[in-house]
Structure formats: C-alpha cells, structure tokens
C-alpha cells in the first residue's frame, strides 16, 4: 500500500474516465490491486492504482489513449505467473488485465495456424484443439496466457524440438504507446517484407506496446508419443548424455533434468515414487517406427553415461501424470519449505558447456548452504536452480542474490545468456550491460524512446530510460 | 553515369579521406562502380561514387564514421545478387564491398554453430565444413554472401525444413549508423534477455546498420539423403500434392516446383533430359529407415494427384547434378531469351491457398502473353514467376509490372506477403502500406529514424523517410 504519491487528483480523474469507459470492469478493489502487483517469484508486491478488464483491442486502445493523455504508465497483465517482476507497478500504474480477452478467434486446420486473443491460456487453446489433430507445443509449466508468453518470449519443455515463442508467433495485433492498433506479420510462413516487427514485440514485456491478439503456428500431433524417465549417477552424467543426444541429432520433443533433491520434493508433494536420483524426463514424438528408432538411439547413448531404471509411459494418461509431476516441481519445492518463497534462476549456455555449467553451479550451491535444487530444459542448454528462501531472512536473500549473480556471470563467460526464458523485468536489469554491452543497450534505449516517447509502457522494465 | 550532382567537392574530399584510410582499397574505377550499382534483376544500374573494400569490422566502422561526418549515404554490398534494387546507389553513395571480409572466424562443432565475416559465401562455408559432419542449409540458389543473406532474410530451397535466415542467425556484429560496433545475441540457443536486436537486423537490408560478422546455427548432415524428381499432370496437382505432404507432417528437406516451361529451358541450357512436364524436385533427409518411410508416404500422396515418372538420385554427385539444374533455372531462362532480362516475382501465401494462387497466376500469365515460367519453394507457400522481358520494350515492361502488381494483390488477399525471400529494396516499396498498414509502416519509419537519424544507411530502401 506504498503509493500515496501516485494518488494525485489527476490519477483519480483518469480512473473516473476509465470507469466511464468500462463500468465495473475498472476496479480499485484493494484485493484485486494486490493480486495484480506480483508474479510468482520473490519480487515484492507493487500494486497498480487500478485494474481494467477490456474485452477487445479497441477497448485496450481506448485505455492506452486515456493513459497517454496524462502520461500514466500502463502494465499489461496475463496470468500473473512472471518471475522477474514484469507486472510490478513501480509507479502505481494502470494495469490492463487481459484475462477476459479469451476468445479463440480462428483456427485454420489446413495451414496449422490460429489467431487468439491475448488472454487465452495455453491449456484453453490445447483443449479447444483436442480433436483437430493439432496442438500448440510451447509449455512453460504454468497455465500461462498466450499474450504473456509472447511478451516474455517463453519457451519451456518442448522448445528443444518446436522452438520458443520467437519461432511460433506468425503475427500480432498490438496497441502502441499512442493507442493505435497495428498488425504485424502475415499468415505466410515466411516473409522478407521489411523490419521484423513481430520479433521486436515478442519478448518486449509490454514495454513497447500491449499485445492484444496473436497468430500462432500449430503443430500436428505425432502418430506415436513415448515418454520416459531415466536415472543417472549424477547431474554431470545426465548433462553429458543430453549433450550427446542433441549432437547426434535425435529429434527429442522434451529432455528435462531434475536433480535428486527436486525428485524427492515431487515425491512428497505429488505422492509419486520416482527413484530419488538425478533424473531425465523425456518425450519422443514421431511415427511409430521413428519413435522406436529414437528410443533405441537414446538408450544406447544414455547407457554409456551410466543410465538405469528406464520407466516408460505411452498412454496419454500416464504421460500426463509424468509431466504433471515435472511441472509441479516448483510448487513441490514450496510445499516442502513452508513459508518460503522461490527465487528462480534461469541461465542458458551453449550445449557444449552445459555439463560444466551445471556441475559448477551444483558445487556453488553446496558451498552456499542454500536449498536450491536444479531443474532444466537441458536440450536447449537452459536450466534453473530454484533457491527456496525465507522472505524474512535478509542474510539468506543476500546469499541467494550472490549465488544468482555468480550463475549469471558463469553463463555469460561460457557464451550464454542471463535468461533463457523468464525475461528481464526488474530482476535482471542489472545484467543487461554485461550481457549485451553498452552499445547494444543504447540501441535498445533508442528503440524504446522511439516507440514509447512518454515512457508509459511498463516503464522500468528491460531498459532503464 | 547519371551522377554529376553528387560529385560535389565535399564528396571528393570524403573519397580522399577514404583513400587515406584504405589506400587502393578505395576505388572510383568506372567499371567497378558500374558493377556495384546493380543486382541481378531488371532494376537499372545506379553506380556509387566510390567502392571501399574493408577487411574487418573496425575498418567498416571507420568508413561509416567518415561518411556520417558528411551525411553521406553508405551501401553494404555482398555478391550483388539481390533482386529488388537493394544495392542501387540512389544518391551516388559510398559502397562498402564486404567480399574481402571472407574469413571463417570459428566453427564450434559440439555446439553446431560458427562465426563468419559477412563476405564469406555459403558455398565457401559449406566447403570449409565438408569433413565436419555439419552443413549450413540455407540455399537461395546463387552463391550469395552470408552477410547479404542475413540482410535480406534469405531462405531458398531448404527453408521448409531448416528455416530461413531468421531462424538460423544466432547473433551479429553490426556497425551502427554512428560508426559504433555492437554485438547482438549470444551462442545460447535461446534467450529472453531484452529486445531481439538480432531479428531486427536480419532482413533490414543495410538500412539500420552494416552487418559485419554473423554467428550461425549449423545442422548435422543426415545419415541418408535421397533426392528425386516427379512429374504431375498440371501445376495445380503438384501444388495439391505439396499441400497434403506438408499437412501430413512429412519433414521434407526440399520440395520445389518447376513448371513445364522452366524444365524445357533447363533441358536446353543444362543439356539434361527431364520430362518437359510440371515437376516437383524433392529431397528427403533422415536416418535410412526414416528416409525410406518419408519416401513411401510421399509416393502414396503424390500418386493420388496423378504423379508419374519418379527419378531418384541418391549419390551425392547425382543429387548435386539435379540441384544444379534446378538452380540454373534463372540463367536457363535468360539463355533461351537472348538479350532479355529477368523480372523476378516473389509471393508467399498460407499453404492452403497455394494451389489456387499458382493456378490463378498461371491463367493470368497465359492471358498476359508474357513468357513467365513458374518456380518455387512450395513447401513454404512461396513461388516465383520469372517474367523474361526485353529491356528496351517499354510496353512489355509495363505489362510485367502489372502482372507483378496483380500477383502481389492476390497474395495479400490470400493472407500472404509481397515477398517471401527477396526483400523490399526499391522494387517493393510501393507494396509496404498495402501489406502492413499505415500504422505498422509508421512504426518502421520511427525505428529507422531512431537508429539512423541522418538517414545515411542505404536510404530509400524498405522505408521511405
């Protein structure tokens, strides 16, 4: 409730105008403001002054126009599952909650694409596609909105085969900082027609405009799908097996690492009985013959690295149970540490450096004394250590910050990035210059100033203007 | 030789300073200027005032700094194979020929990536990679430079499986309009760290900066490769077979259409004896079992559409002969029309509309009376009609312009793009508003103004400032 400064008469007047526009779809209810001032990680709540619930791009444009008139910051909000403080209202801003924009506007089966409003969640979309033979593969774990996934350049478990949001967004409808509605991209699979505005907005975290509609690539469901877990003697062996699998060109659909500590937490939370060892969770997609061939190749590689205890799941129900357990890891970690919150790290390195990076990180964690199990999309070279911290223990938080800082430095030294998929928000602003250099950051600032001269689109995130 | 206006004393002085910087690697030799004022399509020659041949990013930066001081336009030049007037010097500009920046800087076999100077050609790179088990798949036909391919967002025959330059560039070194050297991207396979500067420069045609180094994804050579040609009763049947092949999810490496007119020209030019029918040129990549399965699935589909005359090529030499013939199509068309030049069209539509688009275009061509055979990367929904025109026949040129205009309108109405892979240059500037709308074009203009406030980076291309 730390926002007296913003409660100026002009802001009250704006909120009145937003009420005239949207009726009770503009709210200042304290509980709703609190709920909209946070994601799922450790960043403190920073509630907005009001939350609007538009139904279409035109209403979003009208809201942004009103905000632009008074230079009031605007924050787009999807499902509130971001991890780097992307939705925190730093200046008591107006939050645009897109959850009521949840219409699937069109599905073109023949072209394997669709157009959705930004508030549609990935599970809603896949539920809708259930009988079409198509699916939307990007799976960051939480049941995130497509708009939020686009704005954060999300990826998750299937990216090793199907790419990230960068590769799967064909086009966008965006409300610009001046409240204009523009469209980017076409339904063609490729184009060389001018600047790639679509890719500029993908990953821009609401700082260049509000994404209101997304045209997505869909993918055909495979004839055969096989999931598995397999145990390794240590995390390095699991990472080495992953590296060789990727280098061999096996078209893995998913290849995920969970260390023993995470498997143990999952068993306690999800009432599963997976062997409490460093483990790879896998999925193979293809024709029947293709999957059989992939499985054989993978088994041969993994045995060279000491793998054991293959457990297979072929029925959809069994596969879903396996992946639900994997996705519950974060919540399992919270459950076994009551009262703690998660500080989620997120580095990504070239695959050849993955085993070194994970092994060094593991040693670093052990030395820190923190509980920070490792999980990751290792096929992409991307992994997380989730540091579970007591939010009231400042010394513990300082240790977590330092551990994260060292992880980022290690990843950058190995030619990697400070964030594979969670984005910059406010949490990783401090790493932008060490990753990109002053020149590239200056260029990003120039882009931001050109597209948002009043600095009202989610200010204070990605670039510090 | 139409540039007296630009031969002002200030320009002469700049050229002297460039000579001080580079010695005889700055030239004003008339034949070299002429050669640098054109691509490979119909656009009239517009020579620059001088051509510089830098050896590294630092020299490019020094050239750009000198040009920036006098607000002199700068044009980056690769192999001169662009098709939409991208290198034409509209204001008697300084051309930066990157062909001496032809060093392959590093190849990381384990990570399947490499870093090259912008002047390295795709054949040089693949020659270098010959024994590594890796290859660079993007293949637009001509032996283009990697820098030029990046700047044009090129694609070509393998894009249906391996993506375009958009998907295969990991990072860049760029000299900005102020002469600063920046780096974009990392060697990690994905990142969510800020604005996607890499994708902003890919396809920017030298209008936002000069690309000097490129970090590329490479791909593993498949265990088995099989190429084939197969004939169809008409172009629509070939397109319908393509649509179903893509929708079935067969991971085609190449699927290219050539109409009977083009096959006939190739036979005459390349001394081949392919049946002079509408034909698909195909390539399958995978494991031995995988390729056999793909071939079987494709044959079943194609027979439903009346396919006949399958001819297979499995040895590398035979495959190379087949693809050389395919790539010679443009030159074959020129050879059978002595004195003519090529006006290459380039539309791309959602795959479901491909058969309609090609069939309607074919009828349109027939009605026009022009010789305009069709060729295309049909797996992406992308095809070209090359209109062979007598450069001295104004009426014929006007007809070609009108035919192209109708092709673009048809593609846009079908949800496609005015250019799948050749870019905008000056030739397609006129279509930018109909494809993107005024709002998106204004946004592109804002980006251009932010990154190149003096408008010296290849001015007059992509956006009209």
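The number of residues in segment A:36-79 that are touching a strand residue (DSSP E or B) at 6+ places or on another chain (Cβ under 6 Å) and modelled with pLDDT under 95 comes to 2. Any residue at all in segment B:329-342 that is assigned to a helix (DSSP H, G or I), modelled with pLDDT under 95, out of contact with any strand residue (DSSP E or B) (no Cβ under 8 Å at 6 or more places or on another chain) and within 14 Å of chain A (Cβ to nearest Cβ)? No, segment B:329-342 contains no residue that is assigned to a helix (DSSP H, G or I), modelled with pLDDT under 95, out of contact with any strand residue (DSSP E or B) (no Cβ under 8 Å at 6 or more places or on another chain) and within 14 Å of chain A (Cβ to nearest Cβ). Just one of the numbered conditions (1) surrounded by 17 or more Cβ atoms within 10 Å (Cβ to Cβ); (2) out of contact with any strand residue (DSSP E or B) (no Cβ under 8 Å at 6 or more places or on another chain); (3) in a loop (DSSP other than H, G, I, E, B) is not true of residue A:87: (2).
Whether a residue is in contact with a helix residue (DSSP H, G or I) (Cβ under 9 Å, 6 or more places away or on another chain), part of a helix (DSSP H, G or I) and surrounded by 24 or more Cβ atoms within 10 Å (Cβ to Cβ) was assessed, and residue A:407 passes this test. Within segment B:419-437, the residues that satisfy the criterion of being in contact with a strand residue (DSSP E or B) (Cβ under 8 Å, 6 or more places away or on another chain) and under 18 Å from residue B:342 (Cβ atoms) are B:419, B:420, B:421, B:422. Residues that are within 14 Å of chain A (Cβ to nearest Cβ) and either more than 22 Å from residue B:277 (Cα to Cα) or free of Cβ contacts under 8 Å to residues at least 40 places away in the same chain (or both): does segment B:359-372 have at least one? The answer is no; no qualifying residue exists. For segment A:270-297, residues that are farther than 24 Å from residue A:223 by Cα, touching a residue at least 40 places away in the same chain (Cβ under 8 Å) and out of contact with any helix residue (DSSP H, G or I) (no Cβ under 6 Å at 6 or more places or on another chain) total 1.
Residue B:156 meets all of the listed conditions (1) on the phi < 0 side of the Ramachandran plot; (2) within 22 Å of the chain's Cα centre (by Cα) but one, namely (1). Considering segment B:271-291, the residues that are in a helix (DSSP H, G or I) and buried (at least 19 other Cβ atoms within 10 Å of the Cβ) include one that is nearest to the chain's Cα centre (by Cα), namely B:291. Would you check which residues across segment A:413-441 are within 17 Å of residue A:350 (Cα to Cα), within 8 Å of chain B (Cβ to nearest Cβ) and not in a loop (DSSP other than H, G, I, E, B) and list them? Those that are within 17 Å of residue A:350 (Cα to Cα), within 8 Å of chain B (Cβ to nearest Cβ) and not in a loop (DSSP other than H, G, I, E, B): A:417, A:435, A:436.
The set of residues in segment B:298-328 that are assigned to a helix (DSSP H, G or I), touching a helix residue (DSSP H, G or I) at 6+ places or on another chain (Cβ under 7 Å) and modelled with pLDDT under 95 contains only B:325.
Of the residues making up segment A:442-461, just one is at the interface with another protein chain (Cβ under 7 Å from one of its Cβ atoms) and either closer than 16 Å to residue A:88 by Cβ or under 22 Å from the mean Cα position of the chain (by Cα) (or both), namely A:444.
Selection within segment A:244-266: residues that are in a loop (DSSP other than H, G, I, E, B) and in contact with a strand residue (DSSP E or B) (Cβ under 6 Å, 6 or more places away or on another chain). The member of this set that is surrounded by the fewest Cβ atoms within 10 Å (Cβ to Cβ) is A:249.
For the list (1) within 14 Å of chain A (Cβ to nearest Cβ); (2) at pLDDT 95 or above, I need the number of the one condition that residue B:464 fails. Going through (1) within 14 Å of chain A (Cβ to nearest Cβ); (2) at pLDDT 95 or above one by one, residue B:464 breaks only (2).
Residue-level check: of (1) in contact (Cβ under 8 Å) with a residue 24 or more places away in the chain; (2) in contact with a helix residue (DSSP H, G or I) (Cβ under 8 Å, 6 or more places away or on another chain); (3) outside any helix (DSSP H, G or I), residue A:354 misses just (3). For segment A:351-362, check the following and say yes or no: at least one residue is in contact with a strand residue (DSSP E or B) (Cβ under 9 Å, 6 or more places away or on another chain), at pLDDT 95 or above and more than 23 Å from residue A:244 (Cβ to Cβ). Taking every residue of segment A:351-362 in turn, none turns out to be in contact with a strand residue (DSSP E or B) (Cβ under 9 Å, 6 or more places away or on another chain), at pLDDT 95 or above and more than 23 Å from residue A:244 (Cβ to Cβ). Could you go through segment A:387-404 and let me know if any residue there is part of a helix (DSSP H, G or I), facing chain B (nearest Cβ under 8 Å) and in contact with a strand residue (DSSP E or B) (Cβ under 7 Å, 6 or more places away or on another chain). No - not one qualifying residue is present in segment A:387-404. For segment A:97-121, the set of residues classified as part of a strand (DSSP E or B), away from chain B (no Cβ under 14 Å) and out of contact with any helix residue (DSSP H, G or I) (no Cβ under 6 Å at 6 or more places or on another chain) consists of A:97, A:117, A:121, listed by residue number.
When segment B:410-439 is examined, which residues are found to be surrounded by fewer than 23 Cβ atoms within 10 Å (Cβ to Cβ), free of Cβ contacts under 8 Å to residues at least 12 places away in the same chain and in contact with a helix residue (DSSP H, G or I) (Cβ under 8 Å, 6 or more places away or on another chain)? Residue satisfying the conditions is B:433 alone.
Against the list (1) surrounded by 20 or more Cβ atoms within 10 Å (Cβ to Cβ); (2) within 13 Å of another protein chain (Cβ to nearest Cβ), the condition residue A:145 fails is (2).
The residues of segment B:177-232 that are within 7 Å of chain A (Cβ to nearest Cβ), crowded, with 24+ Cβ neighbours inside 10 Å, more than 24 Å from the chain's Cα centre (by Cα) and more than 21 Å from residue A:246 (Cβ to Cβ), listed by number, are B:193, B:194, B:195. Would you say residue A:169 is in contact with a helix residue (DSSP H, G or I) (Cβ under 8 Å, 6 or more places away or on another chain), buried (at least 24 other Cβ atoms within 10 Å of the Cβ), under 20 Å from residue B:188 (Cβ atoms) and within 8 Å of chain B (Cβ to nearest Cβ)? No, not satisfied.
Here residue B:152 passes the criteria (1) at the interface with chain A (Cβ under 8 Å from one of its Cβ atoms); (2) surrounded by fewer than 23 Cβ atoms within 10 Å (Cβ to Cβ) except the one numbered (2).
The values are calculated or read from the model by the stated rules, or taken from the named source; none is laboratory data. Since the model is a prediction, treat every value here as computed from it, not as a measurement. Neighbour counts are summed over all protein chains in view; Cβ atoms, including those assigned to glycine, are modelled from backbone coordinates with ideal geometry.
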